[in-house]
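**Student:** Take a look at the following structure, please.
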Amino acid sequence: MALHLTYRRYALPFRAPVRTAHGIWAERTGLIVKLEGAAGRVGYGEVAPIPWFGTETVEESEAALKILGEWMTPEQIAAVPAKLGCLRFALAGACAGLDEGVGAKSERPDYLPVAALLPVGRAALTQIAPKAELGFRTFKWKVGVGDIADELSLLDDVIAELPMGAKLRLDANGAWDRRQAARWLERAAERPVEFVEQPIAHDARGADDALRGLAGDFPTPIALDESLVGARDVERWLAADWPGIFVIKPSLLGEPAPVMARLATAKADVVFSSALETVVGAKSALQLAFAWKGKRRALGFGVWPLFADNVFDGPFPAPFIRPEDVSRLNPEAAWTALS
Ligand code: MG
């Protein structure tokens, strides 16, 4: 049967500009799609691209939606090209919303832990104790922002602030060359560093080989983030027997079901992470995280409040997210706010 599709484009200023490897990001743009099916059922999905990760642009997704038109069949949805991964994710999310509450709930954990985000540089030091007090046990510190020697010398101070048994994630967002990455990985060994994320830029020459080399040379796991966009990259790294962690930003993944099934079959070590999407994409993404049956690492979803208008925010950072917290997220409110 045909589904009725409408969409709204958004441009939402962040509460505070986000610093990225590609400069300052002040405003999130994307699309919210709404599908209406039989018996008044409604599902929402979000197109939240990050073009410098190698996704499509909002314009490309919007052009494809215009071609699809107002009425579509599930077959037409399935035929959306793989290169429009964010659109495929949005349509899959909206279709899942149509079926929400239909059929048995699969087995899922009672809660998932969330990683606390620390500010860059020395400011991290004063943030750890209050977050530990709240119950956070995984902390993420962005590195590769300041001078490498300064940051390296801060590492032990940051670690000294961690509560007993806590772990530190380091995310370099591709800021280092291989030699600098090796210095960090050497320092991370035998310290409570859970993993080092994207030490080398995904588009640096020979990046894949360098990442594989580093993974073989040091005991601290390496997590792929920017190197992992969409099903094709997942396939490539699975085929290469990547021994480290797969940071999965569901919003960039394309149609998630087959990719998640591939990762599960390969027993991949996965971290679910936000693409700084709104509550609409967050709901779809967190549902995937709760459906994952492999090893459960802290979620990279401690990003909200993110938007100037908090109707668009996902769940505020707490040390744990429960399935009820995800069910309660309200995509319809975000949709209505865009009218
Ligand atoms: Mg990252």
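**Student:** Going by the alpha-carbon gyration tensor, a ≥ b ≥ c the square roots of its eigenvalues, is the stretch 214-339 rounded (a/c under 1.5) or, if a/c is not under 1.5, prolate (a/b greater than b/c) versus oblate?
**Tutor:** Judged from the Cα gyration tensor, the stretch 214-339 comes out prolate (a/c at least 1.5, a/b above b/c).
**Student:** Something else about it: Checking the table K34/K140; K167/K249; K131/K249 against a 30 Å threshold on Cα-Cα, which pairs fail?
**Tutor:** K34/K140
**Student:** Right, something else. How far is helix 256-265 tilted off the main Cα axis of the chain, in degrees rounded to 10, range 0 to 90?
**Tutor:** Once rounded, the angle reads 40 degrees.
**Student:** Once amide H atoms are built 1.01 Å from N in the peptide plane, which residues 5 or more positions from F307, or in another chain, come under 5 Å H to H?
**Tutor:** Those lying under 5 Å, H to H, from F307 are R15.
**Student:** How many Å² of accessible area per residue for the stretch 249-339, probe 1.4 Å?
**Tutor:** Details: 3410 Å² over 91 residues.
With the other protein chains kept in place, the stretch 249-339 gives 37 Å² per residue.
**Student:** Also: R0 = 22 Å: FRET efficiency of E70 with A257, Cβ-based, nearest 0.05?
**Tutor:** The pair E70/A257 has a calculated efficiency of 0.30.
**Student:** Using a/c under 1.5 as the rounded threshold, could you call the stretch 52-184 rounded, prolate or oblate? The axes a ≥ b ≥ c are square roots of the C-alpha gyration tensor eigenvalues, and prolate needs a/b larger than b/c, oblate otherwise.
**Tutor:** Judged from the Cα gyration tensor, the stretch 52-184 comes out oblate (a/c at least 1.5, b/c at or above a/b).
**Student:** In terms of modelled amide H atoms, which long-range or inter-chain residues lie less than 5 Å from the amide H of Y10?
**Tutor:** Amide H neighbours of Y10, under 5 Å, 5+ apart: G30, L31, I32.
**Student:** Amide H neighbours of V271 under 5 Å, counting only residues 5+ apart in sequence or on other chains, H built in-plane at 1.01 Å?
**Tutor:** HN-HN under 5 Å from V271: F246, V247, I248.
**Student:** With every protein chain left in place, what is the accessible area per residue of the stretch 3-98 in square angstrom, probe 1.4 Å?
**Tutor:** 46 Å²
**Student:** Mind pulling the angle between the C-alpha long axis of helix 230-239 and the longest principal axis of the chain? Nearest 10 degrees, somewhere in 0 to 90.
**Tutor:** The helix 230-239 is inclined about 50 degrees to the chain.
**Student:** Next question. Measure nothing fancy, just the Cα-based angle from helix 279-291's long axis to the longest principal axis of the chain, in degrees from 0 to 90, nearest 10.
**Tutor:** In the chain, helix 279-291 runs at an angle near 70 degrees to the longest axis.
**Student:** Where the accessible area of the chain is counted over protein heavy atoms with a 1.4 Å probe, how much of it, in %, is carbon and sulfur?
**Tutor:** After summing per-atom areas, the C and S share lands at 52 percent.
**Student:** Ok, one more. How much of the DSSP bridge set in the chain is antiparallel, in percent, rounded to the nearest 5?
**Tutor:** For the chain, the DSSP antiparallel bridge percentage is about 50.
**Student:** Still on this model: In percent, what relative contact order does the stretch 190-230 have, based on Cα pairs under 8 Å that are 6 or more apart in sequence?
**Tutor:** Relative contact order comes out at 53 percent.
**Student:** Roughly how far apart, in whole Å, are the Cα centres of the stretch 87-156 and the stretch 1-74?
**Tutor:** Measuring centre to centre over Cα atoms gives 23 Å.
**Student:** Please list log₁₀ I(q)/I(0) at q = 0.07, 0.09, 0.15 Å⁻¹ for the chain, using the Debye equation with identical point scatterers on the alpha-carbon positions.
**Tutor:** The Debye formula, applied to the Cα set alone, gives -0.28, -0.47, -1.31.
**Student:** Related question: Mind listing the phi-derived Karplus ³J(HN,Hα) values for the stretch 319-329, rounded to whole Hz, using 6.51, -1.76 and 1.60 with θ = phi - 60°, and x for any glycine or proline?
**Tutor:** Listing the rounded values in order: x, 9, 10, 9, x, 5, 4, 6, 4, 6, 4 Hz.
**Student:** Between R9 and D147, how many nm apart are label points set 7 Å from Cα along the C-beta direction?
**Tutor:** 4.5 nm
**Student:** Kirkwood-based Rg over Rh for the stretch 3-98 (C-alpha set), two decimals?
**Tutor:** 1.02
**Student:** Counting other Cβ atoms within 10 Å, which trypsin sites (Lys or Arg not before Pro) in the stretch 292-339 have at most 14 and lie in a DSSP loop?
**Tutor:** K293, K295, R328
**Student:** Right, here's the next one. Contact order normalised by length for the chain, with contacts defined as Cα pairs under 8 Å and 6 or more residues apart; what percent is it?
**Tutor:** 19 percent.
**Student:** Here is a further query. Taking 0.36 nm per residue of separation and subtracting the Cα-Cα distance, what length does fully extending A204 through R41 add? Could you put the intermediate results ahead of the total?
**Tutor:** Values: separation 163, 0.36 × 163 = 58.68 nm, distance 4.62 nm.
Computed gain between A204 and R41 is 54.1 nm.
**Student:** Pick out, in residue order, every one of the GluC sites (Glu not before Pro) in the stretch 142-241 that is DSSP loop and has at most 14 other C-beta atoms within 10 Å; say none if there are none.
**Tutor:** Within the stretch 142-241, the qualifying GluC sites (Glu not before Pro) (loop, at most 14 other Cβ atoms within 10 Å) are E190.
**Student:** While we're here: Looking at the stretch 200-255, which trypsin sites (Lys or Arg not before Pro) are DSSP coil and have at most 15 other C-beta atoms within 10 Å of their C-beta? Kindly include the intermediate steps, with their values, before the conclusion.
**Tutor:** Working: sites: R205, R212, R232, R236; in loops: R205.
Hits after loop and neighbour filter: R205.
The values are calculated or read from the model by the stated rules, or taken from the named source; none is laboratory data. Note that this is a predicted model, so its numbers are computed, not measured. Backbone-built Cβ (ideal geometry, glycine too); neighbour counts: all protein chains shown. Side chains are part of the model used for accessible areas, which takes the heavy atoms of the whole protein and leaves out ligands, DNA and RNA. Shrake-Rupley method; radii C 1.70, N 1.55, O 1.52, S 1.80 Å.
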